[in-house]
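Working notes for the structure below.
Nothing in this text is a laboratory measurement; each read-out follows from the coordinates by a stated rule. If you're wondering where the values come from, they're calculated on a predicted model, not measured in any experiment. Here the Cβ positions follow ideal geometry from the backbone for every residue, glycine too, while neighbour counts run over all protein chains shown.
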């Protein structure tokens with residue numbers, strides 16, 4: 001190993017190649033880390049949007065539970081799990097209901113009947129290097145990209 005290091009440090013061409021490989025590897029890692037958030041965002045937004053539509057269309061009540069990195073949709077009547085999703089970049093859940101924290105309850109009229117905060121809440125996805133995306137869910141159950149209004153905006 002020491003012999004290889006001497007060869008690399010004594011050769012300017014090899015030093016440039018090693019530095020190029022090192023910095024390229026760092027850039028590729030950063031791009032990969034950013035894509036983790038971009039890949040987790042659409043399935044979570046779709047899951048929330050689909051549950052809103054299903055609840056309104058069928059006049060059902062469904063609870064979406066956020067447990068660590070797992071998102072579990074349950075039928076409020078039976079308590080049976082309907083769907084689950086693993087979201088590795090889920091960093092923060094800022095949604096509180098009368099059933100508990102980290103739960104959204106969709107019914108035929110939105111989420112307002114169960115919300116502690118008038119306007120709803122939000123979620124943050126964050127990668128290891130700090131790349132972020134936010135999802136906000138308002139009192140009607142509308143799911144959008146963005147940040148939930150500050151506490152003072154109730």
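Tell me which residues, restricted to the range 21-73, are under 19 Å from the mean Cα position of the chain (by Cα) and not in a helix (DSSP H, G or I). Hits for the range 21-73 are 63, 64, 65, 66, 67, 68, 69, 70, 71, 72, 73. Would it be correct to say that residue 30 is farther than 25 Å from residue 122 by Cβ, surrounded by 11 or more Cβ atoms within 10 Å (Cβ to Cβ) and touching a residue at least 60 places away in the same chain (Cβ under 8 Å)? Yes: the conditions hold for residue 30. Test residue 40 against the criterion of being buried (at least 18 other Cβ atoms within 10 Å of the Cβ), more than 19 Å from residue 142 (Cβ to Cβ) and either in contact with a strand residue (DSSP E or B) (Cβ under 7 Å, 6 or more places away or on another chain) or free of Cβ contacts under 8 Å to residues at least 24 places away in the same chain (or both), and give yes or no. It is true that residue 40 is buried (at least 18 other Cβ atoms within 10 Å of the Cβ), more than 19 Å from residue 142 (Cβ to Cβ) and either in contact with a strand residue (DSSP E or B) (Cβ under 7 Å, 6 or more places away or on another chain) or free of Cβ contacts under 8 Å to residues at least 24 places away in the same chain (or both). Set side by side, the residues 9, 61, 89, 49 differ, and just one is under 22 Å from residue 117 (Cα atoms) and touching a helix residue (DSSP H, G or I) at 6+ places or on another chain (Cβ under 9 Å), which is 61.
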